[in-house]
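Comments concern the structure below.
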Ligand SMILES: [Zn+2]
């Protein structure tokens, strides 16, 4: 927590302003009409020159895999958090499929102890297990947990939860008002496709079909409706899922998350020397599905998350059946959101909703808006900066060290990141 006078920034409205940050909170916003940039800093506050940069709420990414404990050679809570703030993300929700799984209070305490050094806020999405309903109740009472994660289908580091246990967790979470984040892929549908397609990266989308996703989403919506549960659908890959959500009758308590890789990449991109880099669950989809999902971003989707899932290139070079699933990208969510804004896909209000505002409201976090009384998690952006991802002065910060997006030209760049009123990242500094 820190005090700071943030001088001469540009608000999303276009007005120049100064922000007074005290105790990690936005105390006041002095827009140009009321003296703004010229306002002298209160004598007791250190001053940061915003240089006329655009100020936005820091991004909230509720879907990251920082791999600690158990996978520290891929990422740690510290290296992952450093990559996050480099990209303007100020809150990360770490997933429970670490080793051990975050399904007990002891495992949660272990992660919480490691989080102290991280430069951004960390939350831990607690894992549902067959016999841990009591653990969930206790974990949800700690400041670290805002959501329960359920794997309805198998993925790397997790075998999937059986239907009767899934239902019990939905019932309890509904009574508690605890949002449930689901990985929606139907186990039996995936098992039925086994043996019908070659096992390689290009057939990954056949082995784990959109129909398998739709079946699981249908069932998750049914349970959320029956038990009054708030439902966060992770990494939706198809606009057909949006149709189901909109017809569910419970749209207001469903959060639809999409990830940059499903918006930017399709099965047509899967080529090159290490094809398993594109292996991810749920899979990349055919080009028309990708295009339809991207078209839906302006209105029908609630939020962006990275599903940052780092693995080493050596692991990705293993044969298909042994190569782990997952694509890294925690540091590029806000940059892509800015680039889509620069393309004219949506306005700044929508950009804020997609990157922080909607998920903050869904989870009850006092973040995701530029208002007095909110936590001072901020990012300063040069909206006109043109840069190339993974080239020049952009080096991949994730410990895994690689990205599928290298060479992508972008417009709009996060330059300074503040968490709780303290500068935690400065580009080039
Ligand atoms: Zn994930």
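Observations
- 0 to 90° range, to nearest 10: angle between helix 77-86 axis and the chain longest Cα axis: 50
- Helix 210-227 axis, angle to the chain major axis (alpha carbon atoms, nearest 10°): 70
- Extension gain (nm, one decimal) between residue 171 and residue 300, 0.36 nm per residue minus Cα-Cα: 43.7 nm
- Between 104, 408, 229, the residue with the greatest mean-square fluctuation in the GNM of the chain (Cα pairs under 10 Å linked by springs) is 408.
- Among 3-16, 87-100, 384-397, 231-244, the peptide with the highest mean count of other Cβ atoms within 10 Å heads the list, and the full ranking is 87-100, 231-244, 3-16, 384-397.
- Mean-square fluctuations from a GNM of the chain, with a 10 angstrom spring cutoff on Cα atoms, peak among 278, 346, 332 at 346.
- Gyration tensor over alpha-carbon atoms, region 56-363, equivalent ellipsoid semi-axes in Å: 25, 23, 22
- For region 293-429: Kirkwood Rh in Å [reciprocal of mean 1/r, alpha carbons]: 16.6
- Region 115-249: radius of gyration and largest Cα-Cα distance (Dmax), Å: 15.9, 48
- Among 335, 310, 198, the largest mean-square fluctuation in a Gaussian network model of the chain (Cα springs under 10 Å) belongs to 198.
- Computed from Cα atoms, the angle from the helix 163-176 axis to the main principal axis of the chain rounds to 30 degrees.
- Take every DSSP beta bridge whose two residues both sit in region 56-363; close to 5 percent of them are antiparallel.
- Dividing the mean sequence gap of close Cα pairs (under 8 Å, 6+ apart) by how many residues region 35-192 holds gives a relative contact order of 17 percent.
- The relative contact order of region 191-269, computed from alpha carbon pairs under 8 Å that lie at least 6 residues apart in sequence, is 27 percent.
- Antiparallel bridges, percent of DSSP beta bridges restricted to region 62-206 (to nearest 5): 10
- Relative contact order of the chain, pairs being alpha-carbon contacts under 8 Å that are 6 or more residues apart, as %: 20
- Estimated inter-spin distance, residue 117 and residue 164, nm [label 7 Å along Cα→Cβ]: 4.4
Rule-based calculations on the coordinates, nothing more; no lab input. This is a predicted model, so every value here is computed, not measured. Every residue, glycine as well, gets a Cβ built from its backbone with ideal geometry; the counts of neighbours run over all protein chains shown.
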